[in-house]
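Right, one structure below, let's go through it.
Values in this text are rule-based calculations from the coordinates and carry no lab data. Please read these numbers as outputs of a predicted model, since none were measured by experiment. Note that we place each Cβ from the backbone using ideal geometry, even for glycine, and neighbour counts take in every protein chain shown.
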């Protein structure tokens with residue numbers, strides 16, 4: 001696990017050359033990469049959402065494509081199309097931008113539900129189907145989607161099925177005063193993204209992604225994860241709790257966090273640390289919670305305090 005710990009630390013340090021003062025958000029992004037999951041980045045414009053995705057792609061030497069979502073976008077603009085070749089007298093597949101290793105879907109909530117749904121198959125099954133023919137996505141494959149949380153005119157909120165496919169949701173937020181001054185200094189002559197070099201080979205990343213799945217969870221830890229998820233389903237202030245996909249997401253991210261810290265086993269603290277970024281976006285709150293201005297983060301934190309933590313026998 002030391003190799004995974006070093007790999008994660010190198011990636012975080014490299015991305016921090018561009019994204020300043022957001023170590024926890026960067027760490028969550030790297031954990032999502034190790035879990036082979038997808039990331040939803042919610043925040044106001046100009047906080048570095050796009051730069052985070054570009055920095056990650058450069059750091060691992062992966063192919064990168066950006067999809068700017070608009071209301072007039074069609075599903076074929078994402079998945080690609082089949083075009084008839086007059087010389088060969090056959091249809092040829094022209095891949096869309098989704099066929100890249102790191103895909104940034106910018107302002108995903110500006111596209112219509114029909115276009116948003118074009119991502120579902122790629123995100124879940126890592127393949128796209130065009131004219132009845134299935135094409136696998138490259139490996140590694142990761143979607144980083146951004147959306148602005150303050151604009152609602154001309155947007156189409158993501159349905160629960162779409163939200164559930166994102167492994168982690170993160171918020172970048174505004175930088176601190178000293179960090180913003182440092183950012184100005186670093187960009188005085190040019191943007192640091194242009195000088196960012198590849199830090200991790202794709203082959204090493206694929207090995208690390210496989211190794212993360214070998215991290216051990218005791219039966220008590222697994223039960224603790226299920227208890228947290230079941231707690232969201234029976235909570236009085238939650239209309240729709242986390243799905244079994246949420247349990248698996250918390251399971252995987254806890255493994256990745258433990259591995260990134262140099263351990264081959266998961267502790268209850270790993271589960272508690274990953275509960276909010278992994279589960280909060282999967283909850284649909286009841287009207288009473290919205291009236292009382294209670295958010296999903298508050299509910300997850302309340303569950304982690306209330307549900308008994310396993311004693312750790314066998315660890």
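Here are the numbers for the structure shown:
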| quantity | calculated |
| --- | --- |
| The stretch 58-117: antiparallel DSSP beta bridges as a percent of all, rounded to 5 | 55 percent |
| Shape category assigned to the stretch 137-224 from the gyration tensor of Cα positions, a/c cut at 1.5 | oblate |
| Largest to smallest principal axis extent of the C-alpha atoms in the stretch 81-132, angstrom | 40, 22, 19 |
| The chain - mean residue ellipticity at 222 nm from DSSP helices (-39,500 (n - 2.57) per run, n ≥ 4, rounded to 500) | -13000 deg cm²/dmol |
| On Cα atoms only, tilt of 202-212 relative to the major axis of the chain in degrees | 30 degrees |
| Cα-based shape type of the stretch 159-315, given that a ≥ b ≥ c are square roots of the gyration tensor eigenvalues and the cut on a/c is 1.5 | oblate |
| Crossing angle, helix 177-186 versus the chain [Cα axis fit, 0-90 degrees, rounded to tens] | 30 degrees |
| Relative contact order computed over the chain (Cα-Cα under 8 Å; 6+ residues apart), in percent | 23 percent |
| Gain on full stretching of the segment that runs from residue 293 to residue 207 - 0.36 nm per residue minus C-alpha separation | 26.6 nm |
| Least to most buried among 279, 40 (fewest other Cβ within 10 Å first) | 40, 279 |
| Enclosed volume per residue, in Å³, of the convex hull spanned by Cα atoms of the stretch 213-306 | 82 Å³ |
| Beta bridge orientation in the chain: antiparallel %, DSSP, nearest 5 | 40 percent |
| Gap separating the Cα centres of the stretch 1-71 and the stretch 241-315, nearest whole Å | 21 Å |
| Folded to 0 to 90 degrees: helix 296-306 orientation relative to the chain principal axis, Cα | 30 degrees |
